[in-house]
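Coordinate-derived values only; no laboratory data. Everything numeric here is computed off the predicted structure, so don't read it as measured data. Because the Cβ atoms are built from the backbone with ideal geometry, glycine has one as well, and the counts that use them run over all protein chains shown.
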Amino acid sequence: MPSFDITSEVNKVELKNSIEQTNKEVANRFDFKGSDARVEQTEMQLTVYADDDFKLKQVMDVFHSKCAKRGVDVRALEPKPSEKIGGNKMKQLVDVRNGIEQDTAKRIVKLIKDAKIKVQASIQGEAVRVSGAKKDDLQAAIALVKNAVKEIPLQFQNFRE
């Protein structure tokens, strides 16, 4: 029976490359001379440091542009509120979402069932598996989910016949 998986993953290598490019550009820019602005990564969380709130926003803008150039979808990044860390220095934590959260997965399954397409959708950990008898029904399910879910980046993988 043909099937595919709906997942939401970030390419860790491209994310690391965009962090390194951001740090390189920030180190070379004139308006950041003498400042302690940088982006650091620990597993699936980033920490953005800057001297003040304005520079923090500029570092985030540079990081977003580098992510776009490297093909990392910024919808997978979940920034937390910025906080002071002494003096004027600021830091901001950014979570990197990997996998589909349970409530979003339930919403995708309900969306597919409500559309009356002849496919079955089930939650498999952090992914949603969709299976059906015809390839056309599966492609209709892909189009439906692509148009309905915009808040997280989705990939459609493991298409099997």
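First measure r as the distance between the Cβ atoms of residue 75 and residue 161, then evaluate 1/(1 + (r/R0)^6) with R0 = 30 Å and state the FRET efficiency to the nearest 0.05.
0.50
Specify the angular offset, from 0 to 90 degrees and rounded to the nearest 10, of the alpha carbon long axis of helix 12-28 from the longest principal axis of the alpha carbons in the chain.
Value to nearest ten degrees: 20.
For the pair residue 96/residue 151, report the inter-label distance in nm, with labels modelled 7 Å from Cα in the Cβ direction.
Once both label points are built, they end up 2.2 nm from each other.
To the nearest 20 Debye, how big is the dipole of segment 1-142 about its Cα centre, given +1 on the beta carbon of each Lys and Arg and -1 on that of each Asp and Glu?
360 debye
Below 10 angstrom from the Cβ of residue 88, what's the summed charge of the other residues (Lys, Arg +1; Asp, Glu -1)?
Computed value for this residue: 0.
Measure nothing fancy, just the Cα-based angle from helix 135-148's long axis to the longest principal axis of the chain, in degrees from 0 to 90, nearest 10.
40 degrees
What value, in deg cm²/dmol to 500, does the helix sum -39500 (n - 2.57) over DSSP H runs of n ≥ 4 give at 222 nm once divided by the residues of the chain?
Estimated from H runs of four or more residues: -12500 deg cm²/dmol.
Using R₀ = 25 Å, calculate the FRET efficiency as 1/(1 + (r/R₀)^6) where r is the Cβ-Cβ separation of residue 64 and residue 42; round to 0.05.
So the FRET efficiency works out to roughly 0.80.
Quick one: of 113/135; 57/150; 110/134; 55/146; 12/57; 57/106, which pairs are farther than 28 Å apart, Cα to Cα?
Long pairs (Cα-Cα over 28 Å): 55/146; 57/106.
On alpha-carbon atoms, Rg over Rh for segment 38-144 using Kirkwood Rh?
Across segment 38-144, the Cα-based Rg/Rh ratio is 1.18.
So which trypsin sites (Lys or Arg not before Pro) in segment 1-104 are both in a DSSP loop and have at most 12 other Cβ atoms within 10 Å of their Cβ?
Taking segment 1-104 and a limit of 12 other Cβ atoms within 10 Å, the loop trypsin sites (Lys or Arg not before Pro) found are 33.
Sorted from fewest to most neighbouring beta carbons within 10 Å, what does the list 100, 142 look like?
Ascending number of Cβ neighbours within 10 Å: 142, 100.
Roughly what angle does helix 102-114 make with the longest principal axis of the chain, taking Cα atoms, 0 to 90 degrees, to the nearest 10?
With rounding to tens, the tilt is 30 degrees.
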